[in-house]
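Everything on this sheet refers to the single structure shown next.
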Amino acid sequence: MFLKGKSAIVTGSTSGIGLAIARALAAEGASVTINGFGEAAAIEAVRAELETLAGAPARYDGANLMDVAAIERMARDCHEATGGPDIIVNNAGMQHVSPIEEFPVDQYDRIVALNMSAAFHLTRMVVPMMKARKWGRILSTASAHSLVASPNKSAYVMTKHAIAGLTKTIALELATTGITVNCISPGYVWTTLVENQIPDTMKARGLTRDQVINDVLLAAQPTKKFVTPQEVAAMALFLCRDEAGSITGANMSVDGGWTAQ
Ligand code: NAD
């Protein structure tokens, strides 16, 4: 349990990739603060489950990451409660698909606030805390869309490229401090969110389930397999190891070959 005694904040960890990362960190002994929205009982069940994995206390913070003051409060509360964080994972994110000339301005603003600015603000808050402990891991869930583009996803692609830029910049600023800064770029990840899209797409396009998966969802992914949240979490966990101490400023693809094309 190489993360015993460490404290972590994983944003957007009430479901999907963030939840898998929270579980992986907790299983190695980290005291994890989960964050995100959802039904109170379901969130409490996740928090309690994390505590069973290796016995470290787990916290929930419902900060809305579109609110800068809430991000600042979340960082301070975690510091007070745990002395950390030693690890943050800027993971929460959202998508909206639309041609730019029709892109709703309020959706653009929300995507920029959540996918991009929240990572800046949480990072800015925790760097002094990590510097004081001379060790830290700053991770962000970017996307294959931090490296390549797809049409009709201007705000998403823009903010994910920004995460790669933030990662490189902060890695250079912190290079001699014991703090590494990296992002992980998944391809299409299997989540219930994706599963739920399949029946509608089958109906709308008159396709079979296999056609939707292979020709629509996995069109760009050469392995023709979804990445799993656990595969992304395994990368996050590796980047937290001391053996990963020379990996900083990197953008780690976990994308089934998507961006090799
Ligand atoms: P998800 O929808 O399952 O999880 C999103 C999480 O963010 C949830 O916990 C949700 O409650 C939380 N959240 C949403 N708005 C929030 C807010 N304002 N404040 C705090 N929390 C908020 O999505 P996911 O697929 O697990 O995505 C996680 C990250 O991975 C995102 O950054 C996404 O862009 C990225 N990603 C996903 C895929 C994919 O195919 N699923 C691929 C590449 C990158």
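Given the conditions (1) within 20 Å of the chain's Cα centre (by Cα); (2) open to solvent by 40 Å² or more (accessible area, probe 1.4 Å); (3) more than 14 Å from the ligand (Cβ to nearest atom), report the number of the one that L25 does not fulfil.
Of everything listed in (1) within 20 Å of the chain's Cα centre (by Cα); (2) open to solvent by 40 Å² or more (accessible area, probe 1.4 Å); (3) more than 14 Å from the ligand (Cβ to nearest atom), L25 misses just condition (2).
Restricting to the stretch 25-55, count the residues that are out of contact with any Leu (no Cβ under 8 Å at 6 or more places or on another chain) and of a type in the set (A, V, I, L, M).
Total meeting the criteria: 9.
Can A30 be described as in contact (Cβ under 8 Å) with a residue 40 or more places away in the chain and touching a strand residue (DSSP E or B) at 6+ places or on another chain (Cβ under 8 Å)?
When the stated conditions are applied, A30 passes them.
Go through the stretch 28-64 and give me each residue that's within 15 Å of C78 (Cβ to Cβ), within 13 Å of the ligand (Cβ to nearest atom) and in contact with a helix residue (DSSP H, G or I) (Cβ under 6 Å, 6 or more places away or on another chain).
Of everything in the stretch 28-64, those that are within 15 Å of C78 (Cβ to Cβ), within 13 Å of the ligand (Cβ to nearest atom) and in contact with a helix residue (DSSP H, G or I) (Cβ under 6 Å, 6 or more places away or on another chain) turn out to be T33, I34, Y60, D61, A63.
Please go through the stretch 56-80 and pick out each residue that is more than 13 Å from A113 (Cα to Cα), open to solvent by 60 Å² or more (accessible area, probe 1.4 Å) and either under 16 Å from the mean Cα position of the chain (by Cα) or touching a residue at least 24 places away in the same chain (Cβ under 8 Å) (or both).
Residues satisfying the conditions are P57, Y60, R76, H79.
Can you tell me which residue is most open to solvent (accessible area, probe 1.4 Å) among those in the stretch 86-138 that are within 17 Å of A69 (Cα to Cα) and hydroxyl-bearing (S, T, Y)?
Within the stretch 86-138, the match that is most open to solvent (accessible area, probe 1.4 Å) is S117.
The values are calculated or read from the model by the stated rules, or taken from the named source; none is laboratory data. What you see is a predicted model; the values in this text were computed from it and never measured. No Cβ is skipped: glycine too gets one built from the backbone with ideal geometry, and neighbour counts run over all protein chains shown. Accessible surface is based on the protein model in full, side chains and every heavy atom, while ligands, DNA and RNA are left aside. Shrake-Rupley method; radii C 1.70, N 1.55, O 1.52, S 1.80 Å.
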